[in-house]
1. Give me the net charge for the shell around residue 105: Cβ to Cβ below 15 angstrom, other residues only, Lys and Arg +1, Asp and Glu -1.
2. For region 40-88, just list the percent of Cα-Cα distances falling in each 10 Å bin from zero outward, please.
3. How large is Rg over Rh for region 201-317, taking Rg from the Cα atoms and Rh as the Kirkwood inverse mean of 1/r across Cα pairs?
4. Using the Cα centre of region 246-401 as the reference point, and only Cβ charges (+1 on K/R, -1 on D/E), how large is the resulting charge dipole? Debye, rounded to the nearest 20.
5. Taking each pair of different alpha-carbon atoms in region 330-410 once, compute 1/r for the pair, average those values, and report the inverse of that mean as the Kirkwood hydrodynamic radius in Å to one decimal.
6. With r as the distance between the Cβ atoms of residue 257 and residue 330 and R0 = 30 Å, compute the FRET efficiency 1/(1 + (r/R0)^6) and round to 0.05.
7. What area, in nm² and to one decimal, does the C-alpha convex hull of region 212-392 cast on average over all directions?
8. Spin-label point model (7 Å from Cα, Cβ direction): what's the residue 171 to residue 69 distance in nm?
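What follows draws every value from the coordinates through simple rules; no lab data is involved. The structure displayed is predicted, hence computed values, not measured ones. Neighbour counts run over all protein chains shown; Cβ positions are idealised from the backbone, glycine included.
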Amino acid sequence: MATLSSLTSPLFFFSFALLSIALISASFSPIDHYLVNCGSHQPTTLDSDHRRFTGDATTSYLKTTEFTSLSDPNPDPKSSPIYHTARVFTRPSKYKFGIKNPGDHLVRLHFKRLSGGIDYGRAKFHVLANGFVLFNSLGMDMGGEFEAVKDYVIKVDADVLVVTFVPTDRSNFAFVNAIEVISAPNDLIADVAQYVSFHKNEKISGLLMNGYETMYRVNVGGWKVTPFNDSLWRTWVTDDEHIKSSDGSSKVHFGGRINYQEGGASREVGPDNVYNTARVIRSSGSSVPELNMTWTFPVIGGYKYLVRMHFCDIASIARGMLVFNVYVNNKLAYENLDLTEVTNGLLASPFYADFVVDGDSSGVLTLSVGPSNMSLPRAVDAILNGVEIFKINNSVGSFDGEICAHAVLKSWKKGNGNVMYPMLAAVFLLLIAFVIMHRRRTGVTDSVAWWRLPTEIPEVNLKYGNQLSSNKL
């Protein structure tokens, strides 16, 4: 095992760089792989992680003719070049991506406030994708140095993925800086998980029927992992702002090889840089410490969440010595987790456990690990390497609110129809007034023809939904 001092040596960093390059060269190669720099006329733009984004003005992905291209007059030299331009829409507008590999796809939307005269207070819009409502910008604070990446996993069964931007009304606009659409590995989302609630702890299925929004992706005990060091180009942040109780715990770093196994957690599920760091509880005496490590995460009530906890025994000196308990929202979710047993007797072999929980009125999701009644003295008694928390779409296929995609589109038509009808009425009234004035001057007594104004405006059915959630959830 590498010591902390050895991790700071020049030889370590050189070896680590070589290892990163080797892993990237052998990384996952998606069949569908679209990286779009919105608002750009450049054929290619390298982002800060050396990925090539294609300017949407040079492609046929954008299926609208009414748009505006923005360029930041004073771009931040520290920000990625994909945040130097943006595409702005004042009416529903679509990007269409051909899909060669049906199934789960990663969809990432990049947003950043550009400097200049644009009023971001009018940036009020929804984003849709093949029947899902990805988000509503009304819940986003776009003041100051606003920058956000919205990250989703959605199932695409059609041969095209359509991403639609819908302003809330004619006075507002939608915008986007960059879009990623990437086919996901088959093992990224499992169909089964453990449902943990106040009354239940049972296995459920049907997770593949849902979509997922990434809320948190955390490298426990380690450093920030950038997209350059992740085969799916994800970002993993440190756990420093989420760790609530760490007394008696310590961080560990592993310099050896992570033993990925066929049928187990793959490098696409979690990269080496997540599994080779951890926080642990270790007993140094003849008794096992009575304490837990606890992390807290703010969440939005009214949704279910998929919690994925990553484990890899990089700290034990021998097999069969690490057995501990896992708690979700203070409920015992996994009793006596034996990492030797679940990894076929291998140390430094990754394993993950999926739990589905309800977001309640507390607005906080709590995770803990700690010793069990089978933990051993003078051994590692608990470990956690990484955490991912995904919001699951609700019953109307939305990640942000109770309005479905169909209703979003109909509300645009209805809202803009309400503007047009008074305008038409005003025109007809002026025309009628002109005819009456003309009749009075000429003495014409023939009857005046009246046109019936259209008054039947389609109503929005707010109860309409795609029913994308599994009934088993």
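1. Working: positive: 96, 100, 108, 150, 155, 234; negative: 32, 104, 151, 157, 159, 180, 187, 213, 268.
Around residue 105, the charge tally is -3.
2. Spelled out per bin, shortest first, that is 24, 55, 20, 1.
3. We get a ratio of 0.98 for region 201-317.
4. On the way: 11 positive and 15 negative charges, 64 e Å.
For this selection, approximately 300 debye.
5. For region 330-410, inverting the mean 1/r across all distinct Cα pairs yields 16.4 Å.
6. My answer for the efficiency is 0.25.
7. Over every viewing direction, the Cα hull of region 212-392 projects on average to 9.7 nm².
8. Distance between the two pseudo-spin positions: 3.1 nm.
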